[in-house]
Amino acid sequence: MFRVMIVDDEHIIRKGLINFIDWEALDCMVLCEADNGILAKELLESKKPDIVIADIKMPGLDGIKLAQYIHENNPLTKIILLTGYSDFEYAKSAIKYNVVDFILKPSNTEQLIEAIHKAKTLIQEEQMKAHRVLDLENRIKENLVEMHEKFFQDLINGVLVHPSRILNKMDKLKIQLHHFYVLVYKVDGTDTVESDGVLERKGNILLEIKSFISLIFKDFDHYTILVDNKTLCTVISFEDLCCPQPMPVIVSRSEEILNFVNNFLSIPISIGISDIHAHPSEVQKAFHEAHKCVSYKFYEDGNIFVYSSFHSKEHHLEEIVVYQYIDKIIKHLESGSTLKALETLSQLFEYQRAFTYPIEHVKTTSIVICSLCVKLLNNYNLKLCDAITNADQIYANILNCESIGKLYDTLEGLVQSVGTALSTLNTQHSYIVQKVIEYIKEHYHAPIKLDHLADLVHMNSCYLSRLFSRVNFIIFKP
């Protein structure tokens, strides 16, 4: 419905226009009225009418001056002027202010209604034009955003590497990068295969996070892209590195992002922040720094990780040292020294933590320990399920551990259980060996066969022979 304001210094004219025109049939409503141009100016700002019907001759501010004011300050508002024969020539001077029509007084209702229809048509045409322009601007903006995302994806994936090509494309896309950081936001969780519904929900959540990131960093040049269904990446540029200091600002606003995600989206994420870089060709390097930071969650509590805080810890870790630790763990278990095996396991994990050993390597090391424990148990005719519950899930549990603490707990439980199983078995073996030795002492004058001894202790003859060889260094011959 179109909103109308009537301006005339004659009360009877105003009431006549209000009461003798079927405004509802015209899809209009009289929003307000004024008896002079000065009051009309005030109402224009507060009421914002679509159509103004005004007399030319009024005290204070006449209709021509009011038309000029509307043209200059409220160009979307349409004005219809009421004029007498004597001032018609004067009224024509208002044509330059885009007056819709001039209606001679006393007003002809049909002419006024026709002028109102004309004003409505002009308003609708301008609204449609404005919508088309806005739609075009939005499409251009969306296309530009897509082109920006494609540009940074190419940088991250190493498709764009030549400095001159990078700078040329940045110039075309009007991308500004001075000194910049890269932030990586990753949804926490395992890398298990997920259903389409779960992936769609995560995709929607990432888009919500992306919108919030744009809001948080709106006062800086920044570009946020979707890397995959669990990862977002933001490149933030700072022209002045002194005021404010970039890193405290980035960390503070990253905390705001975390609070938003935790409180409103209820999904855990981790944020990695790269070191500072100066040339666009280093975007890929910065991305890898930030992405690597996210993996530090495996070693440290928290959700925000800064590359410069961890980079100094990274040194070359000797693979041979790791396998020396593994060898000691198995030898301690084999000799019955479970406590020493656990101490060595703790030393191994501290060594890996100190050098921020790659997560995949830590998990591989743990799987090697598990496999050697299985082999050790097999040497004693035991299976892993004899030592621990859920033995069939041990490898999956290792691969799915999200922190080094949880992984250590898993391995500690395994080593403790294997040590206990072997200790129990060794106690049983000592009893068996002692029983066989006592039998031999009592019947040393009679011929004794290995099969007879095996039947005595309900054991396979070959296994009994190996047992005696291992415990008492005595070899039985069949």
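For the reader, a short list of remarks on this structure follows.
- Condition met for Ala290 (in contact with a Ser or Thr (Cβ under 6 Å, 6 or more places away or on another chain) and assigned to a helix (DSSP H, G or I)): yes
- Residue match in region 416-424 (condition: in the same structural domain as Ile330 (by TED's automatic domain parsing), modelled with pLDDT of 75 or more and touching a Lys or Arg at 6+ places or on another chain (Cβ under 8 Å)): no
- Per the conditions (1) modelled with pLDDT of 90 or more; (2) within 17 Å of Lys230 (Cβ to Cβ); (3) of a type in the set (Gly, Ala, Ser), the sole criterion not satisfied by Ser195 is (1).
- Conditions (1) assigned to a helix (DSSP H, G or I); (2) modelled with pLDDT under 90; (3) surrounded by 13 or more Cβ atoms within 10 Å (Cβ to Cβ); number of the one not met by Ile320: (3)
- Within region 69-89, if we keep just the residues that are within 52 Å of the chain's Cα centre (by Cα), of a type in the set (S, T, N, Q) and surrounded by fewer than 18 Cβ atoms within 10 Å (Cβ to Cβ), the residue that is farthest from Thr109 (Cα to Cα) turns out to be Asn73.
- The numbered conditions (1) modelled with pLDDT under 90; (2) within 30 Å of Ile13 (Cα to Cα); (3) in a helix (DSSP H, G or I) are all true for Leu122 except (1).
- Tally, over region 246-277, of residues that are in a loop (DSSP other than H, G, I, E, B) and surrounded by fewer than 11 Cβ atoms within 10 Å (Cβ to Cβ): 1
- Residues that are among the charged types (D, E, K, R), touching a Lys or Arg at 6+ places or on another chain (Cβ under 9 Å) and more than 20 Å from Leu122 (Cβ to Cβ) within region 1-55 comprise Asp8, Asp9, Glu33, Asp35, Asp55, listed in sequence order.
- Residue pairs whose Cβ atoms lie under 7 Å apart, sitting 6 or more positions apart in sequence or on different chains, and linking a residue in region 375-387 that is at pLDDT 85 or above to a partner that is not in a helix (DSSP H, G or I), are Leu377/Lys383.
- Residues that are modelled with pLDDT of 90 or more, among the basic types (Lys, Arg) and closer than 29 Å to Lys48 by Cβ within region 125-169 comprise just one, Lys129.
- Of all residues in region 346-358 being in contact with a Lys or Arg (Cβ under 9 Å, 6 or more places away or on another chain) and surrounded by 18 or more Cβ atoms within 10 Å (Cβ to Cβ), the one that is farthest from Leu414 (Cα to Cα): Thr356
- Among the residues of region 17-38, the ones that are at negative phi and in contact (Cβ under 8 Å) with a residue 24 or more places away in the chain come to 14 in all.
- For Asn390, the conditions (1) exposed (fewer than 14 other Cβ atoms within 10 Å of the Cβ); (2) at negative phi all hold with the exception of (2).
- Among the candidates Lys92, Lys48, Lys96, the residue that is of a type in the set (Lys, Arg) and within 25 Å of Glu110 (Cβ to Cβ) is uniquely Lys92.
Yes/no matrix, rows are residues, columns are (1) more than 18 Å from His332 (Cα to Cα); (2) within 29 Å of the chain's Cα centre (by Cα); (3) touching a residue at least 40 places away in the same chain (Cβ under 8 Å):
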residue	(1), (2), (3)
Tyr351	yes, no, no
Phe355	yes, yes, yes
Asn397	yes, yes, no
Glu402	yes, yes, yes
Lys406	yes, yes, no
Val415	no, no, yes
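- For the criterion of being touching an Asp or Glu at 6+ places or on another chain (Cβ under 9 Å) and under 16 Å from Ile216 (Cα atoms), Val251 fails.
- For region 133-156, the set of residues classified as touching a residue at least 24 places away in the same chain (Cβ under 8 Å) and either farther than 18 Å from Leu167 by Cβ or touching a helix residue (DSSP H, G or I) at 6+ places or on another chain (Cβ under 8 Å) (or both) consists of Leu144, Met147, His148, Glu149, Phe151, Phe152, Leu155, Ile156, listed by residue number.
- Any hit, region 201-212, residues being at pLDDT 90 or above and either outside any helix (DSSP H, G or I) or over 14 Å from the mean Cα position of the chain (by Cα) (or both): no
- Spans of strands (runs of 3 or more DSSP E) in region 14-99 with at least 1 residues more than 16 Å from Arg3 (Cα to Cα) and of a type outside the set (Gly, Ala, Ser): 51-55, 78-83
- Residue satisfying all of: in region 172-188; among the charged types (D, E, K, R) and under 19 Å from the mean Cα position of the chain (by Cα); surrounded by the fewest Cβ atoms within 10 Å (Cβ to Cβ) among these: Asp188
The values are calculated or read from the model by the stated rules, or taken from the named source; none is laboratory data. As the structure is a prediction and not an experimental result, all values here were calculated from the model. Ideal geometry is used to build each Cβ from the backbone, glycine not excepted, and the neighbour counts take in all protein chains shown.
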